[in-house]
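Data block below; observations after.
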């Protein structure tokens, strides 16, 4: 018999904790760290709370290491990231570096009547949105099956290794062999001999000492009698989706432009041009805008981003008169424009959206007088333009700027000829409750290349407008 030296036991005692520690350290190091922010809501606080708790359970079950959201906010305040700034892309990227996080999850719940909607976003350690999911729910809760799939998608986006699950293969129970002609009778299986005696007296009539007491071995199934294994069954159908969930179809990003926007407000107008020069001071007006896309009516890939646009502006209380004279004449000014528009959105930080516009418009200014120094004008032309919309602070602050080229401008009334022109436009909007739009904007219209009695003229119209509108999604 060989004995281990005393030093050998000491080495084993030292090596085992080191190996165990390395295994524990490796498993903890591979676990990814996430923060699940408190879900915001609009008339759906119950759904926001339940969905967040359900997602926390699934992430923990998938092996993620979860960091407290309260601790995240506390540390964020040290770096002057307070309130919503801690959940903006730059704030998320900075806090992920400071806390060693792999990602941050945010969410928003909305209720409309008896329907609920849940939005969930995943940001990586660089502050980029790498996953966005939207769910329509019939009840204010997120089914566990949906939360489990969502946690799996997040693990895939972050590059986490899926857990290995050992498959348990159950062998079918052996079926009893069928009796054959050589199989013993039930009585033989009990007594080990034929039922009764040679005289035909049954065992029950014999005394106890004469009855058979040996037990015969259990019969072995014959190989020929074995039942063949059943044929392999068809693969089971995947688990049906929960009826409580109707997931949105994957759509291209809509950017900073809603599906339908109706807005109206007041405007301040200026006008300068013609020969002799027609100028006006600031005069008030009414302004209205309408944009409507086809997506609510036909959610088809190309058709849904086609839409109609229209705008109208009319001056109020406008008067003209000769310079250095007390005479004044009332005047009428109105502008309208309508056309087709196509929306092209991009999924980036500011959600930029390009609006391609083509249509027709007209500007009319008439003066109620027979004086030869006052001219009535009318300009009509097709136009083609491009506008860029940006979400400066999603979803509250949006900015848009663009322009159009006016070609084949046809003059009317006292203006004749065919000219050209251009327009420029800028809008800054504040969006509240995701649907109420209030904004301020500026628009310029310039007409060139026309003439009055053979004299070349140009005309300029400007307006500064304030509007309030309502959007529909």
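For the stretch 321-342, what are the residues that are touching a strand residue (DSSP E or B) at 6+ places or on another chain (Cβ under 8 Å) and within 17 Å of residue 272 (Cβ to Cβ)? Working first, answer last.
Step one: list which residues in the stretch 321-342 are touching a strand residue (DSSP E or B) at 6+ places or on another chain (Cβ under 8 Å), which gives 321, 328-342.
Scanning the stretch 321-342 gives 321, 331, 333, 335.
Looking for whichever is assigned by TED's automatic domain parsing to the domain that holds residue 33, in contact with a strand residue (DSSP E or B) (Cβ under 6 Å, 6 or more places away or on another chain) and in a loop (DSSP other than H, G, I, E, B) here; the options are 122, 81, 101. Which one fits?
Numbers: 122 fails: in a loop (DSSP other than H, G, I, E, B); 81 fails: in contact with a strand residue (DSSP E or B) (Cβ under 6 Å, 6 or more places away or on another chain).
Exactly one of 122, 81, 101 is assigned by TED's automatic domain parsing to the domain that holds residue 33, in contact with a strand residue (DSSP E or B) (Cβ under 6 Å, 6 or more places away or on another chain) and in a loop (DSSP other than H, G, I, E, B), namely 101.
Scan the stretch 286-295 and tell me whether some residue there is under 17 Å from residue 358 (Cβ atoms), within 28 Å of the chain's Cα centre (by Cα), without any contact (Cβ under 8 Å) to a residue 12 or more places away in the chain and in the same structural domain as residue 438 (by TED's automatic domain parsing).
Within the stretch 286-295, none of the residues are under 17 Å from residue 358 (Cβ atoms), within 28 Å of the chain's Cα centre (by Cα), without any contact (Cβ under 8 Å) to a residue 12 or more places away in the chain and in the same structural domain as residue 438 (by TED's automatic domain parsing).
Residues checked against (1) modelled with pLDDT of 90 or more; (2) closer than 21 Å to residue 120 by Cβ; (3) assigned to a helix (DSSP H, G or I); (4) assigned by TED's automatic domain parsing to the domain that holds residue 393:
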position	(1), (2), (3), (4)
4	no, no, no, no
7	no, no, yes, no
16	no, no, yes, no
20	no, no, yes, no
35	yes, yes, no, no
48	yes, yes, yes, no
51	yes, yes, yes, no
55	yes, yes, yes, no
77	yes, no, yes, no
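In the list 423, 331, which residue meets the criterion of being within 15 Å of residue 461 (Cα to Cα) and at pLDDT 95 or above? So that I can check it myself, show each step before the final result.
Values: 331 fails: at pLDDT 95 or above.
After ruling out the rest, the residue left standing is 423.
Are any of the residues in the stretch 361-378 exposed (fewer than 15 other Cβ atoms within 10 Å of the Cβ) and at pLDDT 95 or above?
Taking the stretch 361-378 and keeping what is exposed (fewer than 15 other Cβ atoms within 10 Å of the Cβ), we get 368, 370-373.
Now narrow it down to the ones that are at pLDDT 95 or above: none.
Scanning the stretch 361-378 turns up no residue that is exposed (fewer than 15 other Cβ atoms within 10 Å of the Cβ) and at pLDDT 95 or above.
Considering only the stretch 63-75, state which residues are under 27 Å from the mean Cα position of the chain (by Cα) and in a helix (DSSP H, G or I). Walk me through how you get there before you give the answer.
Residues of the stretch 63-75 that are under 27 Å from the mean Cα position of the chain (by Cα), as a first pass: 63-70, 72-73.
Listed by number, the residues that qualify are 69, 70, 72, 73.
Tell me, which residue of the stretch 340-355 that is surrounded by fewer than 17 Cβ atoms within 10 Å (Cβ to Cβ) and modelled with pLDDT of 85 or more is farthest from the chain's Cα centre (by Cα)?
That would be 340.
Within the stretch 315-339, which residues are free of Cβ contacts under 8 Å to residues at least 60 places away in the same chain, within 39 Å of the chain's Cα centre (by Cα) and under 30 Å from residue 281 (Cβ atoms)?
Correct list: 336, 337, 338.
Please indicate, with yes or no, whether at least one residue in the stretch 133-140 is within 19 Å of residue 395 (Cβ to Cβ), surrounded by fewer than 18 Cβ atoms within 10 Å (Cβ to Cβ) and in contact with a helix residue (DSSP H, G or I) (Cβ under 9 Å, 6 or more places away or on another chain).
Taking every residue of the stretch 133-140 in turn, none turns out to be within 19 Å of residue 395 (Cβ to Cβ), surrounded by fewer than 18 Cβ atoms within 10 Å (Cβ to Cβ) and in contact with a helix residue (DSSP H, G or I) (Cβ under 9 Å, 6 or more places away or on another chain).
The values are calculated or read from the model by the stated rules, or taken from the named source; none is laboratory data. Treat the numbers as computed from the prediction; the structure is a model and nothing was measured. Methodologically, a virtual Cβ is constructed for each residue, glycine included, from the backbone with ideal geometry; neighbour enumeration extends over all protein chains shown.
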